[in-house]
Amino acid sequence: LKTVQIEQVARDVLEAHGCVTAPVDVFGIAQAEGIELASGEFGDEFSGRIEYHADLGKFILFHPEPAQSQYPARVRFSVAHELGHYYLEHHRELLLAGAAHNSSADFICDETLEREADEFAASLLIPHFALKSKLAGRSFMTLAEVLKMADEWQTSATSAALRYAKFAREACIVILSERGKVLYWVASEEAAALGFRFVARDRRVPVGVPTALVGSGDLVQNHIKGAGVNSELWFPDRYRQTDLWEDACRLGGTGRILTLLSLSD
Ligand SMILES: [Zn+2]
């Protein structure tokens, strides 16, 4: 499935359930669909699971109890992810068939389907209209604004940043790193088109950039450090170099650093 198709399914769900204000009530959506919510203590490794029970004629969605979780935003994301398996048609077909053949374990392991469910979750938790109104009359958001949006819609900062990078018209790159090592990154369509494919050598964070400084210093969590940097630092193999703006902050509760690189015109 293409990103736009997944986005459309999420839009339809939001519209059908009349979700117009923050945050999106993922539990309410599940209930309104007749999905049974089963929360409990399933251990730290467990994030969520949806099963179809033919004998009961219904779906059951297992998830950690948000009130007991250290990261309620993560529980919301997990529930939204499981709803992706419910709403995306070929996922649901597998669920319905999987329950009959008891092969749901294979289903959960399929990486493409997992990515699709993640994309659905991101599109559901931060609706397109929220991004659109934030970007009205302008083309970019700062990291501070992305963090504010994450708070408002009760999602993790990382998923809000990734959602923004996928939605943004401007050239920007979102990077998640830990102890000087890049864990994950995504370039906006425009950034990829301009040749900003990630080539930082050995996936090391360059020395001296804001990302390195918030990682080494004792800056408080969610304190943003920003500076202009030359693109050569992050993209040494790119032929034509240019100025970038880099915002970075340490994410609360983890040692991870979230970075937003924007191409200044
Ligand atoms: Zn899944």
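The values are calculated or read from the model by the stated rules, or taken from the named source; none is laboratory data. Not measured: the values here are computed from a predicted model. Cβ placement follows ideal geometry from the backbone for every residue including glycine, while neighbour counts extend to all protein chains displayed. With ligands, DNA and RNA removed, areas are computed over all heavy atoms of the protein, side chains included. Shrake-Rupley method; radii C 1.70, N 1.55, O 1.52, S 1.80 Å.
Report whether or not Ile6 is more than 21 Å from the chain's Cα centre (by Cα), open to solvent by less than 20 Å² (accessible area, probe 1.4 Å) and within 16 Å of the ligand (Cβ to nearest atom).
no
Any residue at all in the range 215-225 that is farther than 19 Å from Arg179 by Cβ, part of a loop (DSSP other than H, G, I, E, B) and modelled with pLDDT under 95?
Within the range 215-225, the subset farther than 19 Å from Arg179 by Cβ is 224.
If we keep only those that are part of a loop (DSSP other than H, G, I, E, B) as well, we get 224.
Still in the running and modelled with pLDDT under 95: 224.
Within the range 215-225 (the criterion being farther than 19 Å from Arg179 by Cβ, part of a loop (DSSP other than H, G, I, E, B) and modelled with pLDDT under 95), the answer is yes, since at least one residue qualifies.
Considering only the range 95-115, I want to know if a residue exists there that is touching a Leu at 6+ places or on another chain (Cβ under 6 Å), modelled with pLDDT of 95 or more and more than 24 Å from Thr254 (Cβ to Cβ).
Let us first name the residues in the range 95-115 that are touching a Leu at 6+ places or on another chain (Cβ under 6 Å), namely 107.
Subsequent filtering for residues that are modelled with pLDDT of 95 or more retains none.
For the range 95-115, residues touching a Leu at 6+ places or on another chain (Cβ under 6 Å), modelled with pLDDT of 95 or more and more than 24 Å from Thr254 (Cβ to Cβ): absent.
Quick grid of which residues meet (1) touching a Phe, Trp or Tyr at 6+ places or on another chain (Cβ under 6 Å); (2) over 26 Å from Pro127 (Cβ atoms); (3) open to solvent by less than 70 Å² (accessible area, probe 1.4 Å):
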residue: Val20; (1), (2), (3): no, no, no
residue: Phe27; (1), (2), (3): no, no, yes
residue: Ala30; (1), (2), (3): no, no, yes
residue: Ile35; (1), (2), (3): yes, no, yes
residue: Glu45; (1), (2), (3): no, yes, no
residue: Ile60; (1), (2), (3): no, yes, yes
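Quick one: would you say Leu88 is within 16 Å of the ligand (Cβ to nearest atom), modelled with pLDDT under 90 and closer than 30 Å to Glu189 by Cβ?
Numbers: within 16 Å of the ligand (Cβ to nearest atom): yes; modelled with pLDDT under 90: no; closer than 30 Å to Glu189 by Cβ: yes.
So Leu88 fails the test.
Yes or no, residue by residue, for (1) farther than 22 Å from Lys166 by Cα; (2) hydrophobic (A, V, I, L, M, F, W, C); (3) surrounded by 15 or more Cβ atoms within 10 Å (Cβ to Cβ); (4) modelled with pLDDT of 90 or more:
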residue	(1), (2), (3), (4)
Trp234	no, yes, yes, yes
Tyr239	yes, no, no, no
Glu246	no, no, yes, yes
Ile257	no, yes, yes, yes
Ser264	no, no, no, no
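Give Ala30, Ala38, Ala67 a once-over and let me know the one that is within 27 Å of Met149 (Cα to Cα) and over 21 Å from the mean Cα position of the chain (by Cα). Break it down into steps so the answer makes sense when it comes.
Values: Ala30 fails: over 21 Å from the mean Cα position of the chain (by Cα); Ala38 fails: within 27 Å of Met149 (Cα to Cα).
Criteria check complete, one pass: Ala67.
Could you please find all residues in the range 146-200 being open to solvent by 20 Å² or more (accessible area, probe 1.4 Å) and among the charged types (D, E, K, R)?
Correct list: Lys148, Asp151, Glu152, Lys166, Arg169, Glu170, Glu178, Arg179, Lys181, Glu189, Glu190, Arg197.
What is the residue count in the range 17-51 for residues that are touching a strand residue (DSSP E or B) at 6+ places or on another chain (Cβ under 7 Å), away from the ligand (no atom under 14 Å from the Cβ) and at pLDDT 90 or above?
Residues that pass the stated criteria total 9.
Of the residues Glu41, Glu65, Glu51, Glu15, only one is among the charged types (D, E, K, R) and buried (at least 17 other Cβ atoms within 10 Å of the Cβ); which? Before you say what the answer is, go through the steps one by one.
On the way: Glu41 fails: buried (at least 17 other Cβ atoms within 10 Å of the Cβ); Glu65 fails: buried (at least 17 other Cβ atoms within 10 Å of the Cβ); Glu15 fails: buried (at least 17 other Cβ atoms within 10 Å of the Cβ).
None of the others qualify; the one that does is Glu51.
Considering (1) of a type outside the set (Lys, Arg); (2) in a helix (DSSP H, G or I); (3) over 26 Å from Val209 (Cα atoms), say which one Ser159 fails and leave the rest.
Unmet condition: (3).
Report whether or not Leu135 is open to solvent by less than 70 Å² (accessible area, probe 1.4 Å) and at pLDDT 95 or above. Quick ask: steps written out before the conclusion?
Working: open to solvent by less than 70 Å² (accessible area, probe 1.4 Å): yes; at pLDDT 95 or above: no.
In short, no.
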